[in-house]
Structure formats: C-alpha cells, structure tokens
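Every number in this text was worked out from the coordinates using simple rules, so none of it is lab data. As the structure is a computational prediction, the values presented were derived from the model and not from experiment. A quick note on method: Cβ atoms are made from the backbone with ideal geometry, for glycine too, and the neighbour counts reach across all protein chains shown.
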Amino acid sequence: MKKPGFHYSPPIGWMNDPNGLVYRDGLYHLFYQFHPDDIIWGPMHWAHATSPDLIHWTDLAIALSPDSFGYIFSGNIVIARESYGEDIRKDDLVAFFTHHDRQGFDQKTSRYERQSLATSSDGGESWRKFPGNPVLGNPGETPDFRDPNVFWHSPTQQWIMCLSVGNSAHFYRSSNLTDWEFLSAFAYPVENDRLWECVSLFPLRNKDTQETQWVLLQSQTLQGPQNGSGTQYYVGHFDGNSFSLDRHFEDYLVKNGAVWLDWGPDNYAGMTWENTADEPEKKLFIGWMSNWMYADKTPVANWRGMMTFPRELTLGTINERPHLFVEFAEQIGSIRKQEINVNESLVDRHKLDLPKELFTQGELELEISGLDNATLTLEFGNIIGNKFTINYDPQVEHMTVDRSLARQNSIDDTFNDVSRPIDITSKNGRLSLHILIDRYSVEIIANHGEVAMTYLVFPDEEFDQLFLSNNGTGKINLVGQVFPLETN
Ligand code: FRU
C-alpha cells in the first residue's frame, strides 16, 4: 500500500495519538503513540519524527520505551525555564507521559496509571527518564488517570498540568515540574458518562474582541459527532486555579449540545504545538486521523495510522459566542504544483474537466453561490464506481458526507455510516469549501474555518474525477482555484 503524500504516517508498525509536539531550533517535533512490533495497538512507545515544514518528515529513533512501570502513554513536552535540581536542566525538553501498568490493568487494580517525566538536553535525540518517577500517583477516585498536558501559566508564575481523570479534567500546579499539587476539577455536564482523554488547555487571543480566552480540548472515544471518537472543545477562563466557561459559550452548549473541533469521524486525541512564534493569536494543531471504532480494521501494509494535516486554530466570535476557527496550516501552499481556475455555472450535473492527479493529492478552494434554491452534491469518484459524496442542503443548512460507496468491501459498519447532518450556515446562498485530498483522506473546511470535517476513505482505486450536481431549481455558481499537490 502506497504512503500518503503529505500526511504523516509511521515507517512501520502501529500509530495512534500525537504526543509531545514542540517547535525548537527550526524543527517541528512530532512524537506519537507507537507499537513497533505490530500493526495493532500494543505496548506503547513514543516514536519521534521532525520536520522543517510540516510536510516532509524525518523518522528518528524511538524516544521512550516501556519499562518496569509500564507502557508509555500520551503526554506533552515543555521546555524547562530554569534548572530544577540535577536532573532537569534549563532549556531541556521535558516530556510528561503516563506510565500505564498493564499488569495492574489486567488485574483490575484501581491505580494502574501514574504520571512520569523524561528529559532531553540534545533537542530530543536522547532521553533520560527522571529517577524520581512517577511524579504523580493516582489518589484512587477512578482508574483512568492519564495524558498529562503541562504548560507555564505566566500570570501566576507556575506550571499547570491538565490531566484526564475519568469523566473530567483535573488541574495541578507545580513550581519545579516534579512536585504536583491538586487545584481543581472541571467537567461538563458535571455528571457525564464520557471517558475524557487527552485534555489540554491553552490561551488564544480572540481576533474579534482582542480578549484572551482559554480553550480546553477534550477527546472522547465513543460519543463523538459521528460514530465513535471525537474531540470537543470548551472556551472560558482559567485563573491559575480553575477553569470556568464563557457565559455565551455555555448558553450555546445548553441549547445545542457539544461543540466539536472537527465534525467528521477521523480526528482524535489531537493537541497543539508548544513554543511556536504565533501565540497567542494562533495554535498549531495535529490529530490522529482515525477512530477507535475501526482504527485496527483500516487497510494496511506494514504500517497503520496517519495524522491529520496540521491545522491552525484561532479564536473569533459568532453571535457573541467565542468560536474556534480551524484552517489548514499555511505550509500546504508550498507544495502547490499548479494553479487551475474553476468557474462553473451548474444547473444539473456534470463532470469537471480537471487533471486526474488532483484527486490523488490535491487542494480545492471553492466559493459557491446561488444556493438559495439549489442543493449541491460534490461526488469524487473513479471508473469502477467508488464514490465519496459531500451534500449540502441550504434549506436546512446541513452538510452530509457519504463514504459508504467509496469501497466495495466494507471495513466496518460504523465506518460506512452516512454522516449525521452537520450544521453549516449558508450566508446569502453562499458557501465556501477548502478541501484537501491525499489518497486515503478527504479533509473539508467550510466557511473559512467555521467547520472542519475529516474523513478517511479507502477507495479500491484512486479517485480520478469529480462530478457536481445541482438537485434544486436554481443555478449554482462555483468559482475558485484547485491545486494538484506535489510532495517531493
Ligand atoms: C487516546 C488514548 C490515550 C492513551 C493512549 C494510549 O487515544 O486512549 O488516553 O494515553 O491512547 O495509547
């Protein structure tokens, strides 16, 4: 099986969550959950890759391997602001992770997850596990006690750790990265039956109000926006002790339910890069492009798993409520091979005259208008009849995506389900779509970052055509550019 072109995938073995994202000396570091010996989940390591441009990645030696405390589960990396004793030196990369004790898990003891750290003084090439590990044991409320995400909170001059604990996020504080004191917990609704994983918290300056607000990301395995896994977010305030929701954001949650970072099925356990220059206007994000419902059933060679294309997160306001905008990282522009203008008027159905290679690796930026009385379908397909369709109905302002016909033999029933309708407002009959295609995935961003939707798709043969259909009475206009992409 060929590799995707501009999405990260492991050289061999199994990959899940991104871990330890940090930018240092011109390189983006990506660590991730890795099982080197098989293409299914197993004893977790942290693998390591770096990239100067978020497109071309170099695989490096495994950073962290299981030890007597257990597997190495998810976590993040910070840069030490000063030396804290002999073992953590100023400017070291400090990796926080969960030690997951498999024996304890199998025997159903309640405290099999504890937090540990490791340091690197050579830019992530070699790692020393801290001799005082674990640095935070489980007090025992719930066995799920993992995925540390640490950051420096400058207003209160202390390190904060967010932790995913059962159905909630817990916050801890520390002055030296090794002694941690419990501060508070956040859950929404307070009573919920979801398992929270990979919680993280970061500030962003709202581009509309200029106010700095805090974004809390939280992944949940089984109750995402489509079948299975998904990442929800909350916007509010963090005062160095506890997180509270923005009033307008909470009103919206009460009326509409969860707000998702991505409304498709395949963006899970994502986190943001530490130490990029754009903060607090932007955060750079990457997610695991899969879903625990079928992650171990996707077609493979000797490797399995892909990351999303990196995304830029910014904060803005829609109807008074803070909203997270998601766009593809601008580096995608560096691999555009050719620019092709599109200008179409559509009354019924027709095939666009575009080069085939666009549908193997390509980018589409489309502005669609005239949707008042028309319904739009984009159908990516090939000669053997595989189809991936995106439908937009402006009357109800819903998008649905259907990959059930994209492959003859089903991977899994949950994979094949037609998407639950996704709310996307059409502004005066207009809709904008930004789409990336890379062999096994279609990533869709609507209305300039308002809604992101990520889909794995495994056609039997590569797509090579795009049909557009207008299922209404009006005329749709479609203008924009498309770009075949080239990765070498
Ligand atoms: C999320 C997750 C994390 C855990 C890791 C184990 O996908 O379940 O909570 O640390 O994967 O690989």
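Computed values, structure above
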read-out: Spherically averaged projected area in nm², based on the convex hull that wraps the Cα atoms of region 336-484; value: 8.0 nm²
read-out: Value of D in µm² per second that Stokes-Einstein yields for region 172-214, Kirkwood Rh from Cα pairs, at 10 °C (1.306 mPa s); value: 117 µm²/s
read-out: Under the Debye formula (equal points on every Cα, no solvent term), log10 I(q)/I(0) of region 385-431 at q = 0.26, 0.27 Å⁻¹; value: -0.88, -0.92
read-out: Volume per residue that the Cα convex hull of region 1-153 spans, once the total is divided by residue count, Å³; value: 124 Å³
read-out: Inverse mean reciprocal Cα-Cα distance (Kirkwood Rh) of region 49-114, Å; value: 14.4 Å
read-out: Zone residues, region 1-30, relative to Ile62, backbone N less than 14 Å from point 7 Å out along Cα-to-Cβ; value: 11-16
read-out: Inter-part distance where region 423-475 and region 84-107 are each reduced to a Cα centre, Å; value: 42 Å
read-out: Spin-label pair Glu344/Glu357, simplified geometry with 7 Å Cα→Cβ offset, distance in nm; value: 2.1 nm
read-out: Whole-Å distance, taken between Cα centres, linking region 239-284 and region 12-50; value: 23 Å
read-out: Whole-percent pair-distance distribution, where bins are 5 Å wide, for the alpha carbons of region 93-202; value: 2, 12, 20, 23, 19, 13, 6, 2, 1
read-out: Contact order normalised by residue count of the chain, Cα under 8 Å, 6+ apart, percent; value: 13 percent
read-out: Loop-located GluC sites (Glu not before Pro) in region 156-256, at most 15 other Cβ atoms within 10 Å (DSSP); value: Glu191, Glu211
read-out: Debye log10 I(q)/I(0) at q = 0.11, 0.14, 0.20, 0.21 Å⁻¹ for region 254-386, Cα point scatterers; value: -0.64, -1.03, -1.40, -1.39
read-out: Taking the convex hull of Cα positions in the chain, its mean projected area over all directions (nm²); value: 21.7 nm²
read-out: Computed over region 358-415, Kirkwood Rh from alpha-carbon pairs, angstrom; value: 13.3 Å
read-out: Separation of the Ser244 and Arg81 label points, Cα + 7 Å toward Cβ, nm; value: 2.4 nm
read-out: Least to most buried among Arg173, Arg128 (fewest other Cβ within 10 Å first); value: Arg128, Arg173
read-out: Zone residues, region 418-453, relative to Val396, backbone N less than 17 Å from point 7 Å out along Cα-to-Cβ; value: 418-426
read-out: Environment charge at Val401 (Cβ cut-off 13 Å; Lys +1, Arg +1, Asp -1, Glu -1); value: -4
read-out: Distance histogram for region 299-347 (every C-alpha pair counted, 10 angstrom bins, percent rounded to whole numbers); value: 17, 23, 31, 25, 4
read-out: Rounded to 10°, Cα long-axis angle of helix 247-256 versus longest principal axis of the chain; value: 60 degrees
read-out: Value in Å of the Kirkwood radius, where region 252-320 supplies the Cα pairs that are averaged; value: 14.4 Å
